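Structure below; questions to follow.
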Amino acid sequence: MNMKHIFKASAVLLMLFLVSCSEKLEDINIDPNNSATANEKVILPTVLANVGYIVDADLNAASFLWAQYYTWGIGVALGNQERFVSEPDDFDGYWGDTYANALIDLKFLSKSSSPAYRGVAKALQAYLFQGLTDHFGDIPYSESLSGEIAEGSILAPKFDAAATVYTGLATLIDEAIADLSVASSNDIGSEDFVYGGNIANWLKFANSLKLRILLRTSEVKSNESAIKALIDNGVFIESASDVAVVPFQDKAGAFNPMYGLFERGVGDFYFASNATLNKLNELIDPRGTAFYSVATSGPFLGQLRGVDQGAVDRDVPFTDPSANYSGSSDIAYGPDNGVILISDWEVWFLRAEAAARYATSDDDAAAFANAVEHNFDYLGVSGAGAYIASLNYGGSLDQKLNTIGIQKWISMNGTQEDEGWIEARRFDRPGNRIFTEGIFQNPPNSVLPAGTFPASWLYPASERSLNSNAPAQRSITDRIYWDN
Amino acid sequence: MKKLSLVLTLVLFALGFAMAQRTVTGVVTDDGGEPLIGASILVKGTSSGTITDVDGSYSVSVPAGGNTLIVSYTGYETLEVAIGVSSQLDITLRGGVVLDEVVVTALGVNRNARETVYANQTVGADDLLSVTNKNTLEALRGKTAGVRLSTGSGSVGASTRIVLRGESSLTGNNNALIVIDGIPIDNQSTAGGAESSTAGYADHGNRFNDINPDDIESVTILKGPSATSLYGSRGASGVVLIKTKRGSEKGRSMRVDVNSSYSTETAYILLQRQDRFGQGYDNSHFDSGENWSWGPAFDGVVRPWTSPVDTDGDGALEALVRPYSAVPNQLQDFFNRGNTATNSIAFSGGSNGFTYRLSYSNLNQNGILDNTYYKRNTLAFSASAKLSDRLSSDFSVSYANTNQNTAQEGSRAFEGNNAYAMVVQSPVNIPFGELRDYTSPYHDVNGYWGSYSSVNPYLILNEYGNEGKINNFLGNASLRYNVAKGLDLVGRFGTNLVTTQIETWTPPINPDPQLVWTDDLVLTSRETKQTLVGNYTSFSQQNLNLDFTAQAEYKHNFSPDITFDISAGVNTFQRQTQFLTGSTNGGLVVPGWYNLSNSNLAALSSQNLTKYRILGVLGNARLGYKNFAFLEYSARNDWSSTLPAANNSFFYNAVGLSLVLTDMFDMSNSNVLNFAKLRASYGTSGKDAGLYLLSSTYTGNPTIAALGDFSIFFPFNDVPGFTTGNAIGNPDLKPELTTTFEIGADVGLFNDRLSVAYTYYSADHSNQIVEISLPRSTGFTRTVSNIGRMTNKGHELTVTVKPIPGVVRGLDWELFATYAKNVNRVEKITDEISELVIGGPFTPGVTLVAKEGLPFGTFKALAPLTNDAGQVIVDPNTGYPLYTSEEQYFGSFQPDFIAGFGTNIGYKGFRFNILFDVKQGGNFVSQSKFFGEFNGTTVNTTTYNREEFVFPNAVYENADGTFSPNDIAITEQGYFTEYDLAPSNYIIDASFLKLREIGLSYQLPRKWLGQHISDASLSVFGKNLRFWLPEENAYADPEINGPALNGNANGIETTQTPTAKSYGVSLKLSF
């Protein structure tokens, strides 16, 4: 090989090198696996699926124990929740799913040029933020969701007081209603699998949610005039066709979240709590078999049989088959159950309460009867009329609130368990401790003193370790600001 | 002082000191006792010398003042032997090791060891192959200072993580760069299965596993800044330089080496289990489906232990029976005796400027777990040619094909695919050895004894699949052209192409309702067995690395005393990866057929593509003075694709000095201090960012909830969805910067009877590109920023002692020890954030964090609450200890020090070696302990004989704030099952002392071999023979605590497959 060839070879190598450099370095680093852009049409469905998951798997599946609808049961070691032991890690999932999955996408939608998307987004933001504050009290609100450089790079959002959050929620829901009022029904299509783009229904949802928000502070701050105005002017979720439901299916990829969560684990091993069954028996309430399954074997064959709250039933053989007891019904637990965000009976309960408290334009007794009846209808249980009559709704405001509170708690069983726990806390009023000194049972292994029940969730471990503005950890017996 | 000098004088006298002129005679032999013909003998410091004759004997006259003979022979270590009182001096030379070592340095430059300005340590083939290892990294244990190795699993083909001088990057990759013949390889780990520590993951190894250990000539560890700066960004965590074998022009025209070994492996079980109480609960109730060992005390009464099933169709139920008692060797018998056969052959030779080497190896391993195997075939070819007086080339190519079926690891037995976890979480009276026949009606899906989602572990091992097929192609070509005297141009091109195909599957399982035996053998039914719809996932990955370097090298001697060389060049590296995953959806249609077209619903797919490039310009200059002082300067500038255009260029450099004091002050005649070198270096190195961190993105069709068969994902209800990505992009990233200072000495004493290498280093890793976990209230989970700072400071020491060289003819005895202590500290994260989560929370609630002021990888967990007197405070309602309100910190996974020691003894062809290694300090989280306690199988669950007890040394707090002694009785079952112990109970000491290797080989005398065989040796060896653990660790091997793989989360034990103890024989032949 002579020099000439070597130079040729070197030249080729050098050329190769230069060619390999010609592509701009910064172009190489454009992520091929993720999109640089998105639009409302593809963001909204993700939000709705996330909201369905959050409400059912993060909230309902956790709250049905503390609402005392269900308990761990026979043959199972007691879980922490039954002993009222909470660990901050327990709440990371709900917190993260809500802020980092759903709310951030809602923020994207809330900046849409379409008032339809903006209105839906703000209504759902209000819905989720209310859920957060109802469990944790003070939460990041005004500075939240602003991590992006363009949003100010707020990496440690401050926590706003729960009262401030409630003020903000009222404003936010008003904005949602204003946007929806001018929205065109054609903007959102079938990608909205809650209402199919029906703006009128979203407006009902927003008004119903506004009523929920305004009434929640009833024990600490009256919103009487706002509520009256709302009842006078608003359209609400009134019937089964208006109910806000995220649909799920019995098929891979779309299973009901609570079902998926439990089936992924060891299955649904919860049993009917005697706290609920005792109350149902006392009221001769026919809905028991709609909430729970009957025992299919053993001494209580064909009947409802529960377990005392938080007690491993050691009076019977440890290995009694679960079929000897009552578990969940198909309505409460199933692969294709939709997740209800706000039900028609919930709204009727809110309207009954508003009418009883503030003498709105609704008739409270009629609204109350509607509420119970709509729940019976949903559950497919007959005899609503006689049952409602047997409740003798009436009397003093406290008596009315007690009746509404207990019936609302019963009606949330199996469908809106988390709202059931929240409202049980609100209706459990000073002088009328209808749950904590009435219905609820003290778990024998509770780490709290007898008669003391959880009233909030701990701040999630991840938020506390990562956010320098997070407050000191609380106790689960601390009450949320609206809870007396 | 007087005393010391007296001692020294005596010692020196004993070693022999200056004598009058005389003649010394003797025989020079090799370590096989064979005479060496033509070995050269030189009296040190004089011109007197001779060579040995055909008998290996010599006679040399020693002038006055001569006190040392320098004996050398090609291919053997050069030995300096003190001339004693006797005029007869027989000398044994050791083959294969060169004392005046030539070491490989950055970019493949060979240097005399004395010239290197930084710590480096080379392990040669002899030491690497002292016992047979499947993977050369494994062979480094205990033999090198400051190299920390950990393994993800004891299953076949598992990956090995290698960290030099401690973790340097808070969230980046801390694995050392592996460079083979100048070309960095892709050493990524490949994981299959569910890829999580609990649900299960399969460790398909890292790609260094694909290199045949017999092809490796030496391994050099480069840790300091001047060593790594030349490898740029990728070398910032240190470099492991591998030099592969080449053919030689010396000796026979063709040399053939054959190496065969066979070993058997058994599981080294460290988990201790109680043997007093069996299946059931409440100390009194028996339940044949129960995984708890909280039942009645063993009574030896024969009872059924499998589920009653009608095995013969006669309508009656049958079950197997055995005495109700603990099963001896229960865990041991679950495992098989594994075996490994390795065969390799290499042809090499050369003539007329041309050399070649061709090798083939085959490894066939059957793992200790049923149906796990690892088969590897490698083919490697290398050739070098001197094409003209000025032009030479070197070329090598290797191909490896690996075929593996492994087991999934992870502690989640009941919904996972983890066979051994299923065993660990079973009562102590189940004879697992008898369950092997998982198709027997007594042990199949319906007959298997266990309830609650449990599955016969042999069914898991045999019917679930975790198959990996890996092809690894490594090519390397270089050309060197001598342009003019002292000036060379070098071009080198390397490529590494790895293709990986991993198939994972689970079969459909639809069990009937189960019958179980309860008290008094009453039957009850239960519907809790695992149900699966079946799944098949196929993962295909291709990684392509290209590396190109062009360099000019210039050497010039300004005077005989002053040497100078300089090199400068360009380097470009590009890595492209792509993978495609397909998985069935909604279960399988036809059981037993694993293909995407067997999916119930449309199969799902996902894809990932990456591309990375870095360009560098580098230079290195060296000045030598009188062969005792060396000054070296190296510098590099990189342009990386992962940094923003404005900041993508970064420069770093290093300077180092070495002084051979013994030459400088002409102390070479000293018999005490025969060699002393001081070295110091200071430098910086840079590191670029991870891929695609500069801008925020949206994710297409996200998964809403990962719930296995029950996952919720898009398209959902046939509607596609996008979501805001979880990371906030940072367009302002800058490169990371590491500044290292190191100083050290290499010392030889008493004619190298004692040699010591010591290094102190201090590294400051700043401007770290840290992935910050964000509070979720920001709407995101993470971002990256340049903020973190971490330091590593440490000492490294290697000591070699040859106590009696030449005293006993043919005896060559060496003792060695290595020691490395690294102190790592996270100095700073950000102004707002003082802690980063590196991994977790892992069951039962332990998180690994980087916390300011503490070492990287500190454990964080809730602990039992104590009062000022150190007593545990219990809950007055329950008698169980209360927890601290905040999580506490419990040490890190990093050890206080790692060390190794051992000895090599050669005598007349026999060679014996023994190696221990030690890791002191560091913690790990044991999920074996957690699950064992919950199930009542660990020994500590019987401390109180299953009777009621009062938690000791404890108090409860009264309403007035005073404490009363605890008097509340609790039960062991209640304590370990109803009550969740504070997670800190599962953080335990990870220290160990291991008898790592023992080997005995015999090199057959040449006279037995005839003329065709030039060398033959036979050896027996054992590995992992004995472990000594702290008393509190009755659970697991602290080294098997992945899931190391590619992440930084270490110290998490998830009931992984145990380490294997192995015994083997090997035969080496050379023709």
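Values in this text are rule-based calculations from the coordinates and carry no lab data. What you see is a predicted model, and the numbers here were worked out from it, not measured in a lab. Quick reminder, even Gly has a Cβ in these numbers, built from the backbone with ideal geometry, and neighbours come from all protein chains shown.
I want to verify the translational diffusion coefficient of the stretch B:399-499 in µm²/s; compute it with Stokes-Einstein, Rh as the Kirkwood radius over Cα pairs, at 25 °C and 0.890 mPa s.
After rounding, the answer is 139 µm²/s.
Ranking B:VAL81, A:VAL266, A:VAL182 by Cβ neighbours within 10 Å, fewest first, what do you get?
Listing B:VAL81, A:VAL266, A:VAL182 from fewest to most nearby Cβ atoms yields A:VAL182, A:VAL266, B:VAL81.
Starting from the Cα-Cα distance between B:GLU827 and B:ASP282, subtract it from 0.36 nm times their residue separation and give me the gain in nm to one decimal.
Full-extension gain reported as 191.1 nm.
Given the -39500 (n - 2.57) contribution per DSSP H run of 4+ residues, what per-residue ellipticity at 222 nm results for chain A, rounded to the nearest 500 deg cm²/dmol?
That comes out to -14000 deg cm²/dmol.
In the structure displayed, which of A:LYS158/B:LYS828; B:LYS555/B:LYS821; B:LYS223/B:LYS929; B:LYS851/B:LYS919; B:LYS243/B:LYS908; B:LYS802/B:LYS1068 lie more than 32 Å apart, Cα to Cα?
Over 32 Å apart, Cα to Cα: B:LYS555/B:LYS821; B:LYS223/B:LYS929.
So if we plug the beta-carbon distance of B:MET667 and B:LYS626 into 1/(1 + (r/R0)^6) with R0 = 22 Å, what FRET efficiency do we get, rounded to 0.05?
Result of the calculation: an efficiency of 0.95.
Sticking with this one: Under 19 Å Cα to Cα from A:LYS41, which lysines show up? Leave out anything in the same chain fewer than 8 places away.
Reachable lysines: A:LYS107, A:LYS111, A:LYS122.
OK, next. Taking amide H atoms as placed 1.01 Å from N in the peptide plane, list the residues 5 or more away in sequence, or in a different chain, whose amide H sits under 5 Å from that of B:ILE787.
B:GLN768, B:VAL770
To test your reading of the geometry: what angle, between 0 and 90 degrees and rounded to tens, separates the Cα axis of helix B:2-15 from the longest principal axis of chain B?
Tilt of helix B:2-15: around 70 degrees.
Could you run the Karplus curve 6.51 cos²θ - 1.76 cosθ + 1.60 with θ = phi - 60° over the stretch B:496-506 and give me ³J(HN,Hα) per residue in whole Hz, x for Gly and Pro?
After applying 6.51 cos²θ - 1.76 cosθ + 1.60, I find 9, 10, 10, 10, 10, 10, 10, 10, 10, 8, 10 Hz.
Then there's this: Need the C-alpha centroid separation for the stretch B:539-575 versus the stretch B:701-759, integer Å.
Result: 27 Å between the Cα centres.
Here is a follow-up. Using the Karplus curve 6.51 cos²θ - 1.76 cosθ + 1.60 with θ = phi - 60°, what ³J(HN,Hα) values do you get for each residue of the stretch A:39-56, in whole Hz, with x for Gly and Pro?
Along the stretch A:39-56, the couplings run 9, 4, 4, 9, 7, 4, x, 4, 4, 5, 5, 5, 4, x, 5, 4, 5, 8 Hz.
Percent relative contact order of the stretch B:300-370, based on C-alpha pairs within less than 8 angstrom and at least six residues apart?
26 percent
Length gain on complete extension for the stretch B:VAL807 to B:VAL1020, per 0.36 nm per residue less the alpha carbon to alpha carbon distance?
Full-extension gain reported as 73.9 nm.
Per-residue ellipticity at 222 nm for chain B, helices alone: DSSP H runs ≥ 4 residues times -39500 (n - 2.57), over residue total, nearest 500 deg cm²/dmol?
Dividing the helical sum by the residues of chain B leaves -1000 deg cm²/dmol.
Under a point spin-label approximation (7 Å from Cα along Cα-to-Cβ), what is the B:TYR944-A:LEU301 distance to one decimal in nm?
Simple spin-label model gives 4.2 nm for this pair.
Sequence gap at least 6, Cα distance under 8 Å: using those rules, report the relative contact order of the stretch B:900-1029 to the nearest whole percent.
So the answer I get is 31 percent.
Starting from the 7 Å offset along Cα-to-Cβ, what nm value, one decimal, do you get for the label separation of B:ASN958 and A:ASN278?
About 3.3 nm separates the two model spin labels.
A further question on this structure: Label points 7 Å out from Cα along the Cβ direction at B:ASN867 and A:SER185: separation in nm?
7.2 nm
Sticking with this structure for a sec: Please compute the contact order of chain B in relative form: average sequence separation of alpha-carbon pairs under 8 Å and at least six residues apart, divided by the residue count, as a percent.
12 percent
Step through the residues of the stretch A:222-237 one at a time and calculate ³J(HN,Hα) from phi using the Karplus curve (6.51 cos²θ - 1.76 cosθ + 1.60, θ = phi - 60°), rounding each to whole Hz and writing x for Gly and Pro.
7, 10, 3, 5, 4, 5, 4, 4, 5, 4, 5, 9, x, 10, 10, 5
Let me ask something else about it. Tell me, how many Å apart are the Cα centres for the stretch A:116-185 and for the stretch A:254-300?
Cα centres, the stretch A:116-185 to the stretch A:254-300: 35 Å.
Which stretch or stretches of the stretch B:122-160 have amide N atoms under 20 Å from the point lying 7 Å from B:ALA341's Cα along the Cα→Cβ direction?
Counting only backbone N, you get B:132-135, B:156-157.
Using a Förster distance of 41 angstrom, determine the FRET efficiency expected from the C-beta separation of B:ALA602 and A:ALA240, and round it to 0.05.
Calculated value: 0.80.
A:GLY334's amide H: which non-local residues (gap 5+, or another chain) put their own amide H closer than 5 Å, with H modeled 1.01 Å from N in plane and none for Pro or chain starts?
A:TYR259
Counting pairwise Cα distances across the protein assembly as shown, what percent come out greater than 49 angstrom?
Result for the distance tail: 44 percent.
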